[in-house]
Structures are given as C-alpha cells and as structure tokens.
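S.K.: Got a structure for you, written out below as structure tokens; questions coming shortly.
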Amino acid sequence: MKYLSKVASLKLNAQKCVGCGMCLEVCPHNVLRMEGRKAVIADLDGCMECGACMTNCAFGAITVNKGVGCAAAIINSILYGGEPSCDCSGGKNGDSCC
Amino acid sequence: MPEIKLTIAPGTFKALEKPPYAAGTVQSATGKVWQVPAELTTADKFGIFRCRTSSFRDNYKVEPGLYAIGQPGGASDIIVTANYKYSFDVVRHALKGMSAWILVLDTKGINVWCAAGKGTFGTAELIKRMSLVHLEKLSERKTIILPQLGAVGVSAHEVRKATGFRVVYGPVHAKDLKAFISAGYKATKEMRTMEFTITNRMALVPMEVIPMLKKYPFFALIALLAFGLEPSGILFKSALGGGLPFLAFGLGSIFTGAALTPALLPFIPARSFAAKGWIMGVVGTGLLMSVFPHFNPILLGITLLFFPMASSYIALQFTGSTTFTGMSGVNKELKTSIPIYLVSVAVSVLLLIVYKIIEWRIL
C-alpha cells in the first residue's frame, strides 16, 4: 500500500553515510537499501516520515520532516496552533486516537 | 492474600502491593521482582476487546518497572515495552516458555509506536528507567531488545553512550520475538515490515465508526429541524417526511467513510484518502437513492454534493490510524480538500435555504 507520490521529505546524505545499515534495520517499510557500502533511498513513496532512521543514524546522514500522518492532528494544529501531535483529544473527551 | 514485602530497587514501583497481573516474585541480583504469567486470562482478553471498541483504552496501564517471566537470571534477555496494558499483555504472551526480563517504560499508558512518536517511549525515559531498576547490576548481557517501532523515539547510539548497553531492535510484532531470539537476534524482512492487512484494518474500524456515531445525533437534529421547520412552526410530519432520507444518507456516509473505505482501502482507485472516501460515498449515496426514488431536484443536488463529501472527510480521518501515511502527504491532501469541504457545506446550506423558500412559497 502506497500513499501520495513524491511528497515524502526523506533525504540521505551519501557523504555522511558510513554504511552501518542501522536505517535499514529500523525502517518499517523497507524504504532504504544498501548499494555497495552506502545506504540509498529505494522507495521514497513508501516513507511515512516516522523518523526512526534519522533518530538512529549516529552519523547524521538522514533528515526527514518527522511527524504524524494524521488528518485530525494536522487540522487541530491549524485551528489551535502548535505542532501536529497525537494528543487530539487532550484527554478530555476520551476519543483519543492512540 | 498475604502482603508480600519487596526489597526491590527504589523507584521501581509506586505501590508495593501485588499488582493484579503479577503471579509471584523472583529473586534478582537487585532484589525481588514481580513475576508475571505468559498466559492471558479471560479478563485480559476482554480488556483487549474493550481497547478495540471504546475509550477504555485511554486508561489501561501497568506500573512501569521491571518484571520477570519464567525464572530469569543475569544472562537472560531483557525485552523493553510500553506501559499500555494491551502492549504488555501481548509481549508477555509472546514470551511463553521463556525466561526473560520485561522492562516497562512509562509511556502514560500509550502503545509503543504512538508513544515513540510522542517521545514518551524515548531515549530519556529508557535511560532513566534502566537506571531506576539498576539494570547494570541485574544484567551481565549489557544488551536490551527494543521493539523495532520504538526506534521512532529511541536513539540506539545515545542509549549506548549513556548506559553502555547495546540496543538491539527486535521485530515489529511481539509474536515474532521468540523466532527473532532463536535466530541469533536476526530479523527477517517480514519481521521488519509493518503490514496493513484486512485484519489489521478491520480491527481499527470500530474506533472509526463509534466516535462518528456519537456525533451523528447532532447532524440528525439539524436535518430534522431543517425539514420540519414550517411557517406555522416545527412540524413532526414534515421533519420525518423530508428528513428521513437525509438521516439515512448521513448513516451511509459514516458507513462508507469509516468502515467501507478502511476495509477496501487497497482496492479503491486513487492514493488520496479524500478521493477514496468520496468514491465510496458516491457509491453508497447512489445505492441509497434507489430506496428513495422521488426526489426534488434541489434536494438531489444537496444529496450528491454533501454526502459523498462527508464520506470523504470521514475517510481522511483514517490517515491517523494507518501504518503508512506521512505528514507531508496528509498536509498536501488537506490543502486541496479543506477548501472543497467548506465550499460544499456552504453551497449545501444555500441550496437548502432555496428549497425551503420555494417550499414555503415565499417568492
């Protein structure tokens, strides 16, 4: 299952990559693959911008605009300000999503 | 039940009474630790059902800290999880027949992936919890196993720098933990991939439909009032006569947006959720229209404009529950769809006013 094409903000800096393969390990959608001694982005449309690869790259080779892909969270952040987050219910009405 | 005095590491538990999910205690290098069974009771299973169907899940927690499964020792595996009881239950059940430690982080009762996104299943909490239970004294292994989805919030190299422990990312699903461990801490590609099967999607449907049904009475009230409003007052007969088809269409939109779109997700053309929901909304509204054949042209216009659009909006909410939609994509969808939604609602209201004016023969 793929979401919208060519919108994911994932970027990999080949110069900083040492080829440890950690990003391949943490990615839940097989977005990255090894090519020789470097990781490459093999499936950009598969990226859900969870940020696991960026958080676990000890060499700062990966950047991604990490965030929640949730319409309710983004609408709330537009209406009430702040970053989109899973706290849409604020614990008030019990309809929290996760 | 006799009270068990524990000599556990300070800060491990807030309460020293036996938690209901513990079976007894085991001795560790740092003191006594609560032992939990791998078998889930009927109450545990009923808890999982309630989590899938209601806001019960918002407060379903276990005490953060260290637990034992089987009779673990200094060389046993350490599995890290969240303090959402559903997560905890799934992990301990997956470890049936093993002896291992379970380190539960304080994620405020939220599951691993969502908590990792928020940062509560994160580097700081992990380091703090490891130190609180004196993991360095308990374990000779100096390795901890984290759920792969926890990687969103935990930086393995920072944990190693701070604690000396090596973080190994286990499989996405706890059910693969045993296979992962027996394969020498190696995960297959399948274990590393987050799928979104029909079963996964159907499990999410109740919590898409139920919150929408809670909002439905407001819509129903407005529809009945709009149709029942006559120059002589609010007439029950007009409210039902005109409003009934709209009440059905409203339910139809909830069904197509919150249940049918998630269920048929990969089979509906278009990648956009707004488009998928709209398509299903057109199909659903069209089918319902055959039940109410005699339709005023203005009401027909409102029906075709408003209800597929409502289905689209509801389907867009499902992006929050999927395992593959990213923020950039949802942002892009919202930029085009929100103006369309607003205009559709405005035009629908205008058309309804025109309909009422003609009905009342004011002009």
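The values are calculated or read from the model by the stated rules, or taken from the named source; none is laboratory data. None of these values were measured; they are calculated from a predicted model. Cβ atoms come from the backbone with ideal geometry, glycine included; neighbour counts cover every protein chain shown. Note: accessible area is taken over every heavy atom of the protein model, side chains too, but ligands, DNA and RNA are not part of it. Shrake-Rupley method; radii C 1.70, N 1.55, O 1.52, S 1.80 Å.
S.K.: So, in the range B:247-272, exactly how many residues are in contact (Cβ under 8 Å) with a residue 24 or more places away in the chain and in a helix (DSSP H, G or I)?
M.R.: Qualifying residue count for the region: 18.
S.K.: Any chance you could count how many residues in the range B:312-363 are more than 18 Å from B:I254 (Cβ to Cβ) and of a type in the set (F, W, Y)?
M.R.: Adding up the residues that qualify gives 3.
S.K.: Those residues that are within 11 Å of chain A (Cβ to nearest Cβ) and either at pLDDT below 95 or surrounded by fewer than 24 Cβ atoms within 10 Å (Cβ to Cβ) (or both), I need them from the range B:275-309; list them, please.
M.R.: B:A275
S.K.: Pairs needed: first member in the range B:103-118, part of a helix (DSSP H, G or I); second member anywhere, open to solvent by 40 Å² or more (accessible area, probe 1.4 Å); C-beta distance under 7 Å; at least 6 residues apart or different chains.
M.R.: Pairs found: B:K118/A:S85.
S.K.: Say whether the condition of being at the interface with chain A (Cβ under 10 Å from one of its Cβ atoms) and of a type outside the set (A, V, I, L, M) is met by at least one residue in the range B:212-232.
M.R.: Checked against the condition, which is being at the interface with chain A (Cβ under 10 Å from one of its Cβ atoms) and of a type outside the set (A, V, I, L, M), the range B:212-232 yields at least one hit.
S.K.: Within the range A:68-84, work out how many residues are surrounded by fewer than 16 Cβ atoms within 10 Å (Cβ to Cβ), in contact with a helix residue (DSSP H, G or I) (Cβ under 9 Å, 6 or more places away or on another chain) and in a loop (DSSP other than H, G, I, E, B).
M.R.: If we filter the range A:68-84 for residues that are surrounded by fewer than 16 Cβ atoms within 10 Å (Cβ to Cβ), which is where we start, we get A:78-83.
With the extra rule that they be in contact with a helix residue (DSSP H, G or I) (Cβ under 9 Å, 6 or more places away or on another chain), the set shrinks to A:78, A:82-83.
After this cut, where a residue has to be in a loop (DSSP other than H, G, I, E, B) as well, the list is A:82-83.
Of the residues in that region, 2 qualify.
S.K.: When you go through (1) touching a residue at least 12 places away in the same chain (Cβ under 8 Å); (2) part of a helix (DSSP H, G or I); (3) under 15 Å from B:V154 (Cβ atoms) one by one for B:K137, which number turns out not to apply?
M.R.: Of (1) touching a residue at least 12 places away in the same chain (Cβ under 8 Å); (2) part of a helix (DSSP H, G or I); (3) under 15 Å from B:V154 (Cβ atoms), only one is false for B:K137: (3).
S.K.: Scan the range A:42-66 residue by residue and report those that are on the phi < 0 side of the Ramachandran plot and at the interface with another protein chain (Cβ under 7 Å from one of its Cβ atoms). Working first, answer last.
M.R.: Here is the first cut: in the range A:42-66, the ones on the phi < 0 side of the Ramachandran plot are A:42-48, A:50, A:52-59, A:61-66.
Answer for the range A:42-66, where residues must be on the phi < 0 side of the Ramachandran plot and at the interface with another protein chain (Cβ under 7 Å from one of its Cβ atoms): A:C47, A:M48, A:C50, A:A52, A:T55, A:N56, A:A58, A:N65.
S.K.: Can you go through B:S328, B:S321, B:S312 and tell me which one is modelled with pLDDT under 95 and within 14 Å of chain A (Cβ to nearest Cβ)?
M.R.: B:S321
S.K.: More than 14 Å from chain A (Cβ to nearest Cβ), out of contact with any Asp or Glu (no Cβ under 9 Å at 6 or more places or on another chain) and either modelled with pLDDT under 95 or buried (at least 18 other Cβ atoms within 10 Å of the Cβ) (or both): is that true of B:F46 in this structure?
M.R.: So B:F46 passes the test.
S.K.: Among (1) within 14 Å of chain A (Cβ to nearest Cβ); (2) modelled with pLDDT under 95, there is one condition B:W360 misses while meeting the rest; what is its number?
M.R.: It is condition (1) that B:W360 fails.
S.K.: Among the residues of the range B:62-82, is any open to solvent by less than 30 Å² (accessible area, probe 1.4 Å), touching a residue at least 12 places away in the same chain (Cβ under 8 Å), in contact with a Phe, Trp or Tyr (Cβ under 6 Å, 6 or more places away or on another chain) and in a helix (DSSP H, G or I)?
M.R.: No.
S.K.: Which members of the range A:38-67 meet the condition of being open to solvent by less than 30 Å² (accessible area, probe 1.4 Å) and part of a loop (DSSP other than H, G, I, E, B)?
M.R.: Answer for the range A:38-67, where residues must be open to solvent by less than 30 Å² (accessible area, probe 1.4 Å) and part of a loop (DSSP other than H, G, I, E, B): A:C47, A:M48, A:E49, A:C50, A:G51, A:N56, A:C57, A:A61, A:V64, A:G67.
S.K.: Ok, one more. How about the range A:20-46: which of its residues are in contact with a helix residue (DSSP H, G or I) (Cβ under 9 Å, 6 or more places away or on another chain) and within 20 Å of B:G153 (Cα to Cα)?
M.R.: Of everything in the range A:20-46, those that are in contact with a helix residue (DSSP H, G or I) (Cβ under 9 Å, 6 or more places away or on another chain) and within 20 Å of B:G153 (Cα to Cα) turn out to be A:M22, A:C23, A:L24, A:E25, A:V26, A:C27, A:P28, A:H29, A:N30, A:V31, A:L32.
S.K.: Here is a further query. Among what's in the range B:142-158 and is within 10 Å of chain A (Cβ to nearest Cβ) and surrounded by fewer than 20 Cβ atoms within 10 Å (Cβ to Cβ), pick the residue that is farthest from A:A58 (Cα to Cα).
M.R.: Among them, the one singled out is B:E158.
S.K.: Please find, within the range B:327-363, the residue that is most open to solvent (accessible area, probe 1.4 Å) out of those that are touching a Leu at 6+ places or on another chain (Cβ under 7 Å) and within 30 Å of A:V64 (Cα to Cα).
M.R.: B:K332
S.K.: Would you say A:A42 is in contact (Cβ under 8 Å) with a residue 12 or more places away in the chain and in the same structural domain as A:K16 (by TED's automatic domain parsing)?
M.R.: Yes, satisfied.
S.K.: Could you tell me how many of the residues in the range A:10-36 are at the interface with chain B (Cβ under 10 Å from one of its Cβ atoms) and either within 18 Å of B:E190 (Cβ to Cβ) or open to solvent by 70 Å² or more (accessible area, probe 1.4 Å) (or both)?
M.R.: 8
S.K.: I've got another one for you. Residue check, B:M207 against (1) in contact (Cβ under 8 Å) with a residue 24 or more places away in the chain; (2) more than 9 Å from chain A (Cβ to nearest Cβ); (3) under 28 Å from B:V345 (Cβ atoms), all met but one. Which one?
M.R.: Checking B:M207 against (1) in contact (Cβ under 8 Å) with a residue 24 or more places away in the chain; (2) more than 9 Å from chain A (Cβ to nearest Cβ); (3) under 28 Å from B:V345 (Cβ atoms), the one that fails is (2).
S.K.: Within the range B:331-358, which residues are under 26 Å from the mean Cα position of the chain (by Cα) and without any contact (Cβ under 8 Å) to a residue 40 or more places away in the chain?
M.R.: B:N331, B:K332, B:L334, B:K335, B:I338, B:Y341
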